[in-house]
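Read-outs throughout are calculated quantities, based only on the coordinates presented, and are distinct from any laboratory measurement. Here the structure is a predicted model, which means the values were calculated and not measured. When we count neighbours, we look across all protein chains shown, and the Cβ atoms used for this are built from the backbone with ideal geometry, even at glycine.
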Amino acid sequence: MLRNLQFLTLWQRRLVFFLMFGGILMALVAVTWLLARGALIGGERVQGVPLSPEITVRELVALPGDDAYPAAVAAGPDGTIYTGSYKNGVIWSLTLDATSDESVTELPHTRDGIGAVNGIAVAADGSLLVVDQEDSDPRTAGGDVKRVTAEGVALFAEIDDAQGFVAPNDIVIDSLGRVYVSDPGRNEIWRFEADGSGGVVWWVAPDLAPAASGSTSARRRGLTGLAYDATRDAIIVTDPEYNEIFRVSVAEGGLELLYQHGTRQRPPGFDGAVVAPDGTLYVAALGVNSIARVLDNELEYLASGFRGASDVEFVAPNRLIVANFDQTSLAPVIVPLFAPQLPFALDVIEMTAP
């Protein structure tokens with residue numbers, strides 16, 4: 001072949017050279033991608049592990065399909081558990097005795113009526129209020145709140161201004177039925193009446209000096225996780241950007257800073273939260289894939305090693321349900337390096353000493 005190159009014209013020889021060089025380069029890129037992907041994905045599927053002898057962790061149930069991406073979890077007063085897909089909008093219901101994906105029920109109309117589930121709350125009438133971000137691509141903006149009933153899916157609430165919701169994330173309901181929705185894109189907490197009307201900006205976090213937050217420069221907040229504290233009639237708000245947790249009084253608007261990570265190591269990257277009936281606060285630390293209890297400005301980690309611990313729900317008498325979001329593969333890159341560790345699943349933490 002090399003002997004025949006002398007009979008080619010200059011531009012033909014250059015073409016052959018570039019084709020050979022390009023082929024070798026593509027082969028090197030492919031090998032590098034395969035090695036990197038194998039290292040990032042790893043071999044065995046990661047499982048949550050307890051961090052105390054008083055804690056046990058197990059998989060509660062695997063979710064159907066390869067695009068479940070459960071970002072949120074909620075529980076009704078009867079113990080029914082609800083989760084939903086950030087990728088395809090499906091809402092599933094299950095019970096604590098679920099053993100396989102066959103015991104997981106897909107709620108009718110949700111696959112077609114919802115785009116991307118980011119938060120779920122159970123209303124007093126048994127209907128579900130769902131934060132729908134509409135598109136699972138993190139580069140997109142928009143969304144609303146849907147109501148899910150046996151009859152179907154309907155619009156419940158939206159922000160009636162030119163901007164609308166930017167990145168709606170979590171949702172809770174207070175004792176009077178009023179609905180609170182976080183939007184880290186707007187850095188606001190919105191409140192709606194029980195029928196979805198009367199939307200107003202209810203709370204915006206105060207600005208803090210950089211030194212107080214452990215930062216050397218000012219940066220945007222990211223008001224994300226919400227929980228209702230019935231023992232104090234207050235809303236819990238998590239901020240994964242500053243790694244802080246606030247408690248805001250519903251009646252008076254009084255503010256209490258419950259946790260501030262500051263310059264400590266391993267920033268938790270808070271996401272969802274839940275308050276147990278006795279007032280104990282539990283948070284999902286998505287940044288370190290762990291679940292923690294908040295006590296006196298300290299985090300007591302209960303379990304770790306989850307596959308994207310984005311939300312947590314309390315189920316009496318002593319259980320925490322964990323959503324394994326496994327969201328890394330949703331990053332908008334041309335050549336994906338990550339893949340979810342299938343099957344998607346919910347885990348359950350059981351505490352012998354709640």
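Classify segment 188-316 as rounded, prolate or oblate from the Cα gyration tensor: take a ≥ b ≥ c as the square roots of its eigenvalues, call it rounded if a/c is under 1.5, otherwise prolate when a/b beats b/c and oblate if not.
Values: a/c = 1.68, a/b = 1.15, b/c = 1.46.
Judged from the Cα gyration tensor, segment 188-316 comes out oblate (a/c at least 1.5, b/c at or above a/b).
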Dipole moment magnitude, nearest 20 debye, segment 48-351 about Cα centre, only Lys, Arg, Asp, Glu C-beta charged: 760
If a/c stays under 1.5 just call it rounded; otherwise compare a/b with b/c (prolate if a/b is bigger, oblate if not). Do that for segment 118-177, with a ≥ b ≥ c from the square roots of the Cα gyration tensor eigenvalues. prolate
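Of the listed peptides 229-240, 104-115, what is their order by residue-averaged count of other C-beta atoms within 10 Å, with the highest listed first? Kindly include the intermediate steps, with their values, before the conclusion.
On the way: 229-240: 20.9, 104-115: 17.6.
Result, highest mean Cβ count within 10 Å first: 229-240, 104-115.
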